[in-house]
Amino acid sequence: MAVSLCTRFLGREFSSPLVLPAGILGMSYGSLQFAHDAGFGLVTSKSLSLEPRKGHEGPVVARFGGGILNSLGLCNPGIDAGLKEIEEFSCMVKAPVMVSLFATNRHDFEELAGRASDSAAVFIELNLSCPNVMDEFGIPLASSKELVADMVEGAVKYAKLPVVAKLSPNALDLPVIALAAQEAGAAAVSMINTLGPGLLIDTAVRKPVLAPRYGGISGPAVLPLALKLVHECVGRIKIPIIGMGGVSSADEAVQMLMAGASMVGVGSAVWLEGAQVLTRMNAGIRDYLERENFVSPDFIPKLERKNV
Ligand SMILES: Cc1cc2nc3c(=O)[nH]c(=O)nc-3n(C[C@H](O)[C@H](O)[C@H](O)COP(=O)(O)O)c2cc1C
């Protein structure tokens, strides 16, 4: 049987179910092209704010047995420069890109969503869930259903593109937050952003490994949590989910699709293993489809839903 990796999501077709999550390969046109060439069906930009942000002083990324701890501090060139890179990418590569936006209040999300709508991006993602800037901005918006609803509602009002709300594993009741995003008009949700923050210690100098001390946790350690949260949410909401968190093999990507995700983010694995991980994963998903007689990832059966 001829199988295809083509995946339908929000009315569009993608060459693979694999998505480059926000922030993993930065923001330049070249890095987005690199990700596309590596085999991602959809690439996401670094989260862009209204003004450029320098981010935190290094070291800001460290590896540990379970993955990565990072506290980049949302460094980005600002919406104007970021959209220029996206424009260039779309013009040269003609592949779909999702623009990630970061703000701390409704007014700024409205303005960002309006500006991003005139770009070449196909979707807008709202980063409501970064745990690395708590010193500056306090608890992420994604912890509160009222704040999530307010930000999504504002962005949707000004957006001419489908809006995806990126949620946090730190929320006490994630399905309730996902439902609030849906009711406020989100076309989809993506989950999970990094967990924590957490801490790693350099025992030789008796100091935190990261200069900002704490950072968000991603990579293999968070996979079971991400799968469980996607599975839990899919029974509660009708909008589709981009599932991510610790996925680093074809089998884990299939697990994420079975848990209920429509597309699968692969972030830390690219940091830890290089972009060749994508070739291996796309080939492995194709093998799985052939073996199990599914024509495309859209036909992979979902695990029984938990209706609560
Ligand atoms: C170095 C690094 C930078 C990140 N930057 C962003 C960002 O700018 N915006 C965002 O929404 N998520 C950001 N994330 C979170 C990822 O998009 C993703 O949600 C998370 O890492 C879980 O997926 P993974 O385990 O496959 O990496 C970042 C993660 C890492 C490791």
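Computed from the coordinates by the stated procedures, all read-outs in this text should not be read as laboratory data. Since this is a predicted model, take the numbers as computed values, not measurements. So basically every Cβ, Gly included, is an ideal-geometry build from the backbone, and we count neighbours across all protein chains shown.
Tell me, what is the FRET efficiency for Cys6 and Phe64 to the nearest 0.05, using R0 = 30 angstrom and their Cβ-Cβ distance as r?
0.25
Subtract the Cα-Cα distance of Arg213 and Met92 from 0.36 nm times their separation in residues, and report this length gain in nm to one decimal. Please report the intermediate quantities before stating the final value.
Values: separation 121, 0.36 × 121 = 43.56 nm, distance 3.98 nm.
Answer, rounded to one decimal: 39.6 nm.
In whole angstrom, note down how far apart the Cα centers of the range 134-150 and the range 61-95 are.
Their Cα centres are 22 Å away from one another.
Top mean-square fluctuation among Pro297, Pro175, Pro208, Gaussian network model of the chain, C-alpha springs under 10 Å?
Residue with maximal mean-square fluctuation among Pro297, Pro175, Pro208: Pro208.
Straight distance only, please: which aspartates and glutamates reach the Cα of Lys84 with their own Cα at less than 18 Å, same-chain residues fewer than 8 apart left out?
Once the sequence-local aspartates and glutamates are set aside, what remains near Lys84 is Glu51, Glu111, Asp118, Glu125.
With springs only between Cα atoms under 10 Å apart, run a GNM on the chain and tell me which of Gly73, Gly154, Gly138 wobbles the most.
Result for the chain, Cα springs under 10 Å: Gly138 fluctuates most.
Between Glu51 and Glu290, what length comes free when the chain is fully extended (0.36 nm per residue of separation minus the Cα-Cα distance, one decimal in nm)?
81.3 nm
Is the range 61-189 rounded, prolate or oblate when judged by the Cα gyration tensor, a ≥ b ≥ c being the square roots of its eigenvalues, rounded requiring a/c under 1.5 and prolate requiring a/b larger than b/c?
oblate
Does the range 14-130 come out rounded, prolate or oblate, given a ≥ b ≥ c as the square roots of the eigenvalues of its C-alpha gyration tensor, rounded meaning a/c under 1.5 and, failing that, prolate meaning a/b above b/c? Please report the intermediate quantities before stating the final value.
Values: a/c = 1.70, a/b = 1.07, b/c = 1.59.
Oblate, since a/c reaches 1.5 and b/c is not below a/b.
Which percent, nearest 5, of DSSP beta bridges in the range 33-134 are antiparallel? If you can, show how the numbers build up before the last one.
Numbers: 5 of 13 bridges.
Bridges in the range 33-134 are about 40 percent antiparallel.
Say the dipole of the chain comes from +1 at the beta carbon of Lys and Arg and -1 at that of Asp and Glu; which of Ala269, Pro162, Ser190 then lies farthest toward its positive end?
Ala269
Looking at the chain as a GNM with Cα springs under 10 Å, which of Arg286, Arg206, Arg63 has the largest mean-square fluctuation?
It is Arg206.
Rounded to the nearest 5, what is the percent of antiparallel bridges among the DSSP beta bridges in the chain?
If we restrict to bridges inside the chain, about 40 percent are antiparallel.
From the residues Ser249, Gly215, Val234, which one has its Cα farthest along the dipole of the range 184-250 in the positive direction, the dipole being from +1 and -1 charges on Cβ of Lys/Arg and Asp/Glu about the Cα centre?
Value computed over the given set: Gly215.
Cα gyration tensor of the chain, axes a ≥ b ≥ c as square roots of the eigenvalues: rounded (a/c below 1.5), prolate (a/b > b/c) or oblate?
Working: a/c = 1.28, a/b = 1.16, b/c = 1.10.
Because its axes are fairly even, with a/c under 1.5, the chain counts as rounded.
Could you tell me how far the Cα centroid of the range 8-24 sits from the Cα centroid of the range 255-308, in Å?
12
Work through the residues other than Glu273 whose Cβ is under 12 Å from its Cβ and net out their charges, Lys, Arg +1 and Asp, Glu -1.
My count for the surroundings of Glu273 gives +2.
Can you give the charge dipole size of the chain about its Cα centre, rounded to the nearest 20 debye, using +1 on the beta carbon of Lys and Arg and -1 on the beta carbon of Asp and Glu?
About 380 debye.
Give, in nm to one decimal, the length gained when the segment between Glu304 and Val205 is fully stretched (0.36 nm per residue of separation minus the Cα-Cα distance).
Details: separation 99, 0.36 × 99 = 35.64 nm, distance 4.96 nm.
Computed gain between Glu304 and Val205 is 30.7 nm.
Just add up the charged neighbours of Val122: K/R +1, D/E -1, any other residue whose Cβ is under 12 Å from the Cβ of Val122.
Value of the local net charge: +1.
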